[in-house]
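Notes to accompany the following structure.
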Amino acid sequence: MILKDIDFTEFYTRTREIFSKHFNEEQVDELMEYVEILSDANFRCYKANMIVIEERRSGSPSNKLIADMEWVARSVGEYRVSSKARINLYISQIRSEGTTLSDATWITDDVVYSLGEMMDRLSIEIIKREDFSKNNRPAHMLEASQRLSDRVEKYLKAKLKEIDKKGFYECVHEQRTYDLEKIVKELII
């Protein structure tokens, strides 16, 4: 069964609570807008991809439906990337007392393991767990997803403390390969 909708309320509440320890209310509101767009895009991507898989399994798959859903996945994929980039850019703008950390490791490097990537992973794992639960998947799948979320949340909190301590957040804006301008097509999902 493909999920028709998902309630991200608990995720948003938890994320807002984590961010509130490091940013003022206006900044948290701004960040949460990007997190909500990211979560919505992840869910639309999930639905589009699941529809494609389901259609490909059918006896006589519709090439039009598959193409339409692949377009949706491609389009919302760009929203995902944009939202992650906006989270990173916004935080770097409000935490800009320094510019680089020369002795960074991958875990302390803001660009390699960004807050946008962490928010993306957390929202994806929520979608997975909801899907696993509704589709009666083995318990170990839910548990593995939760363990991954717990670990990402742990490093999210550590990264935010690190940013507070060092006073800045480094961001290199991601450059996109795909140019979707002038392709006008309504998203079905």
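The values are calculated or read from the model by the stated rules, or taken from the named source; none is laboratory data. This is a predicted model, so every value here is computed, not measured. Cβ placement follows ideal geometry from the backbone for every residue including glycine, while neighbour counts extend to all protein chains displayed.
Within segment 96-118, is even one residue more than 15 Å from the chain's Cα centre (by Cα), modelled with pLDDT under 90 and not in a loop (DSSP other than H, G, I, E, B)?
First pass over segment 96-118, keeping only residues more than 15 Å from the chain's Cα centre (by Cα): 96-112.
This time we only want the ones that are modelled with pLDDT under 90, so: 96-112.
Adding the requirement that they be not in a loop (DSSP other than H, G, I, E, B) leaves 96.
The answer is yes, given that some residue of segment 96-118 is more than 15 Å from the chain's Cα centre (by Cα), modelled with pLDDT under 90 and not in a loop (DSSP other than H, G, I, E, B).
What are the residues in segment 36-50 that are surrounded by 19 or more Cβ atoms within 10 Å (Cβ to Cβ) and either free of Cβ contacts under 8 Å to residues at least 60 places away in the same chain or under 11 Å from the mean Cα position of the chain (by Cα) (or both), if any? Steps first, please.
Looking only at segment 36-50, we keep the residues that are surrounded by 19 or more Cβ atoms within 10 Å (Cβ to Cβ), and these are 38-39, 41-48.
Result: 38, 39, 41, 42, 43, 45.
Of all residues in segment 78-94, how many are more than 14 Å from residue 35 (Cα to Cα) and small (Gly, Ala, Ser)? I'd like the intermediate steps shown before the answer.
Filtering segment 78-94 down to residues more than 14 Å from residue 35 (Cα to Cα) leaves 78, 92-94.
Filter once more, keeping what is small (Gly, Ala, Ser): 92.
Here the count works out to 1.
If you go through segment 8-27, how many residues are touching a residue at least 12 places away in the same chain (Cβ under 8 Å) and loosely packed, with under 12 Cβ neighbours inside 10 Å?
Residues flagged as touching a residue at least 12 places away in the same chain (Cβ under 8 Å) and loosely packed, with under 12 Cβ neighbours inside 10 Å within segment 8-27 amount to 1.
Return the only residue of 170, 186 being assigned to a loop (DSSP other than H, G, I, E, B), modelled with pLDDT under 95 and within 30 Å of residue 68 (Cα to Cα). It would help to see each step written out before you state the result.
Values: 170 fails: within 30 Å of residue 68 (Cα to Cα).
Selected residue: 186, the only one of 170, 186 that is assigned to a loop (DSSP other than H, G, I, E, B), modelled with pLDDT under 95 and within 30 Å of residue 68 (Cα to Cα).
Show the residue pairs meeting these rules: Cβ distance below 6 Å; 6+ apart or different chains; first residue within segment 141-159 and modelled with pLDDT of 95 or more; second residue basic (Lys, Arg) and buried (at least 16 other Cβ atoms within 10 Å of the Cβ).
142/129; 145/128; 145/129; 152/121
Only one of (1) surrounded by fewer than 14 Cβ atoms within 10 Å (Cβ to Cβ); (2) in contact with a helix residue (DSSP H, G or I) (Cβ under 7 Å, 6 or more places away or on another chain); (3) at pLDDT 90 or above fails for residue 67. Which number is that?
Evaluating residue 67 over (1) surrounded by fewer than 14 Cβ atoms within 10 Å (Cβ to Cβ); (2) in contact with a helix residue (DSSP H, G or I) (Cβ under 7 Å, 6 or more places away or on another chain); (3) at pLDDT 90 or above leaves (2) as the failure.
Which condition number in (1) of a type outside the set (Phe, Trp, Tyr); (2) touching a residue at least 60 places away in the same chain (Cβ under 8 Å); (3) surrounded by fewer than 16 Cβ atoms within 10 Å (Cβ to Cβ) is the one that residue 84 fails?
All conditions are met except number (3).
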